[in-house]
1. D for the stretch C:92-154, whole µm²/s, Stokes-Einstein with Kirkwood Rh over alpha-carbon pairs at 20 °C and 1.002 mPa s: what number?
2. Once every Cα of chain A carries one equal point scatterer and solvent is ignored, give the base-10 log of I(q)/I(0) from the Debye formula at q = 0.11, 0.15 Å⁻¹, two decimals.
3. Taking only the alpha-carbon positions of the stretch B:23-338 and ignoring solvent, what does the Debye formula give for the base-10 log of I(q)/I(0) at q = 0.10, 0.12, 0.14 Å⁻¹?
4. What dipole magnitude, in Debye to the nearest 20, does chain C give about its Cα centre under +1 on Lys/Arg Cβ and -1 on Asp/Glu Cβ?
5. Using a simple charge model, +1 on the beta-carbon of Lys and Arg, -1 on the beta-carbon of Asp and Glu, nothing else, what dipole does the protein assembly as shown show about its Cα centre, in debye to the nearest 20?
6. Given labels modelled 7 Å from the Cα in the Cβ direction, how far is it in nm from A:ALA124 to A:ALA160?
7. What lysines could a cross-link reach from B:LYS89, if we take a straight Cα to Cα line under 21 Å and drop same-chain neighbours fewer than 8 places away?
8. Do the sum for the protein assembly as shown: with -39,500 (n - 2.57) for every DSSP H run of n ≥ 4, divided by all residues, what is the mean residue ellipticity at 222 nm, to the nearest 500 deg cm²/dmol?
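The values are calculated or read from the model by the stated rules, or taken from the named source; none is laboratory data. Small disclaimer: the values here were computed from a predicted structure and weren't measured. Heads up, the Cβs are rebuilt from the backbone with ideal geometry, glycines too, and the neighbour counts pull from every protein chain shown. Calculation scope for accessible area: heavy atoms of the full protein, side chains included, ligands and nucleic acids excluded. Shrake-Rupley method; radii C 1.70, N 1.55, O 1.52, S 1.80 Å.
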Amino acid sequence: MGHLAMMFAAVNTGLLLKQLFNATSAVSLLALVAIGLFIIFGMMKVINMAHGELFMLGAYTMWWLLARGINFWLNLLAAALVVGLFGVIVERLIVQRLYVRGDLSTLLATFGLSILLQRGVAIAFGDRPQFVTSPFTGGPTLLGNTYPTYQIIATVLAFAVIAAVVVLFLKTDFGLRARATIVNPAMAAALAVNTVRMNALSFALGSALAGFAGALAAPLVSVVPAMGLDWVIRAFLVVIVAGAGSIWAAAGGAAIVGGWEAGFTAIYDATYAQITVLAIVWALVLLRPRGLFSGTGRRWRR
Amino acid sequence: MAAVTARQGWARVGGLVWNARGAALLLIGLLIYGRLADPFGLFIVASALVLSLLALSVDLQWGYAGILNLGPAAYLGLGAYTYAITQRKITAGSPTYLAFALAILFGIVLAVIVAFPAFKARTLPVYYALITLAVALILQRWTAVSYDLTGGSNGLVGIPLPDFSLPGLDLKMTTAEQFFPLASGVVVAAYLACLWLTRSRFGRLLAAIRDDEEKVATLGYDVATTKLIVAAIAGALGALAGALYAPLAGTAHPSLFGIAFSVQTYVWVAVGGQGTLIGPILAAIALKLLENRLRGVSADGYLMLLAAVFMLVVIFLPKGIAGLFDAQAVRDRFRRSRGGPIALAPVLERPLDEPHG
Amino acid sequence: MADPGVVLRTAGLSRHFGGVRAVDSVDLEVRAGHIHCIIGPNGAGKSTLFNVISGMIPATAGRVVFQEETITGKSPQAISRLGLVRSFQTPRVFAAMTVLDHVLLASRERPENGARRREALARVGLLERGDMLAGDLAHGEKKRLELAMALAMRPRLILLDEPTAGMNAHESEAIAGIVREAASTATVVVIEHDIDFVRGIADWVTVLHKGMVLREGTIAEIEQDQEVRRVYLGDIG
Ligand SMILES: Nc1ncnc2c1ncn2[C@@H]1O[C@H](COP(=O)(O)OP(=O)(O)OP(=O)(O)O)[C@@H](O)[C@H]1O
Ligand SMILES: [Mg+2]
């Protein structure tokens, strides 16, 4: 009897650990996407509904290049570059044009763009899932569960890139101006921050992060044209829950939204996981309309 | 000076009567079409009419209150499934009044639940657009996996036509052709109701909110409740569309919640002109007939086309194609670009205006 | 306990923006029936004070009492319904709505009986402009329309943020008349830079500087005050 209980406990700990790992991995990717979104939203107050499709384009860039025999790690960079560049084009052609109207046009236009991109990719490559093989197979085993090497590396890499973005924001001139713009656009303009250039840069950076995240996630998720929708919803939920105050908030929100969804999926079901996430966001918005991490005076602490 | 208000009042009534006459013309035209057209054409126009209720719901929100519900299809699906499930499982064989009533009730309840934090808690404006999109997506997934209730991804088939029989009065529909006058009547009635609403003091309040809601709040109005009311009305309209669509199509399917329906609705409203009410209805009929011509194009291709048209309209024609024919709108475009009823309402209301003084 | 003659009172009212103390521990008392002017150099925190009192931005600290009722934390519409209304420094009108419709919205009258809104329009001299779109009005007329909206609400207390900004002397004189007339039925707090205007209407003057109350008194006392002069001259020089 005692023996059985011990075995049971061991199995549970192993499972728990494995699920914790899965959740961490999901959160790291979500945080990457959400931070990209946060930069664009926070800096420009532009709601880019096509952000999920940028993620999707990153994944397809990875798949397409990989199928042509190009090195996986190079493709990660290529995806960031390609999607970042695409973001610049979108900013020039659409966002900048509508920015001055100051109404819902940008949201609507990027919503249209998201459908356009999604269906365009569907026409080009079909709706069936594309498989992206990761550069590693197998992985270490712990308490009876295998931890895929690639998933470990992807998680670490995601956190590393997040850290790099944080450093960029806290230690560089660009970051200083960006933070000023986020906290007080009028003030930043008065301090002679070149807003046009800042906007283009932040849009490029946000897009590149989405593209990179998509490429990084490609071996872990099913790559289909409609994959972006889930991610843009999650990422915006993160921003709503956390508040648009700081990068830390985006990371914290990702932990809540992504962590809950991954955990609930593991113990019950994916659809109900998403339903509960919506319910949680609904309740949190009622309790903290401005976001969990937007307590006054605690923004952008160095 | 009292004459000014009286005449103004008459001008407003005149505008409404004219529009009622326009609506009557539309109704007569539709009914004549109903006599002449082949069954397939009838089906196409009937579904355009039913779905144009959804377009009205979007127009009320986007065109008049300035709020974006990106998942209007959520209400379409909700209404359709409510009708289908009520008819098949609860009131099979008896009149359909309960099915319609429940659909509308659920539409209002869902709309209020979804919109409540958006407007009452004053969170980020993107919340409403996003949560509506998410709710539609989740409902689509949920219906696809809930086999017992919704038939899962196969959907529900064999949904009966409505039966409005009263004791001693047989009003049971037996053919799809009989559905057409019903759809026409409901749409024209809904159009007139929306017209009345947007021309009333409530409509003026909406126009003001859209322009500067902070200022409206300092005038003592409850902006949040006003928006919530609009969302609820829109929810009712959307669910009504669904409850009519299910018997027309004969099926209820998870794709009713899908993004294709939402995007299509937005295209109709954008092309027809947001804040015009009649524009989206006409656009729905025209584009639905056009879609039927484009049968050769793939569904993906068609959706892509819609998305492209939508983007172009949003970017270059903020008032829709209809805006091209509106002199005031054109003048406004040269002055300051702002869409919809703010510019349109005064034009429509002043056909009989007296000279100043 | 509380002085019945005081309509509006703030106690330790503060509003900070990050490190900027826009309003810093302001104690203000506005007496019933007075025209109470608030003056101070640019950036003194005058508009922010109005924003906090009218509930448009939350206070960092302190409280606002209006007619014996604490209104800190109340929503703008709730405060407005209590009879405390305001105008804005840069006029906020609904560009595509007619002038008449503005006052209609403010007065909540039915369109048929327009006594209140016609009265309000007449008081600011915009009666002939009734059918014009507000967006087509001249700047001074927009400011007067804002005033008409405030009057049409039959308020107990009106906060006017620079009602004469951008007007010539002649127009300012007309506004002074309107404000004086409004004061017969309500208490009025006016932010103004134009010292001639203030001299013509003020029963009491508060000088705000760097978010704090620098001086209070009659206009004669204020004009004599060395400190006030220094602040204003320092501001210019
Ligand atoms: N929303 C805001 N965010 C950050 N700082 C603000 C904000 N509003 C006002 N301030 C700052 O608060 C201070 C006071 O501004 P306020 O507009 O109240 O001055 P004012 O006395 O009305 O000036 P003016 O005579 O120019 O109208 C200024 O330093 C201003 O920059
Ligand atoms: Mg000011």
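1. Details: Rh = 11.0 Å.
D, rounded to a whole number, is 195 µm²/s.
2. Values, matching the q order: -0.67, -1.21.
3. For the requested q values the scattering log ratios are -0.56, -0.81, -1.11.
4. Numbers: 28 positive and 30 negative charges, 145 e Å.
The dipole magnitude comes to about 700 debye.
5. Numbers: 73 positive and 56 negative charges, 182 e Å.
The dipole of the protein assembly as shown has a size of about 880 debye.
6. It is 2.9 nm.
7. Within the straight-line limit of under 21 Å, B:LYS89 reaches these lysines: B:LYS172.
8. Details: 37 runs with 558 residues, N = 896.
-20500 deg cm²/dmol, from helical runs alone.
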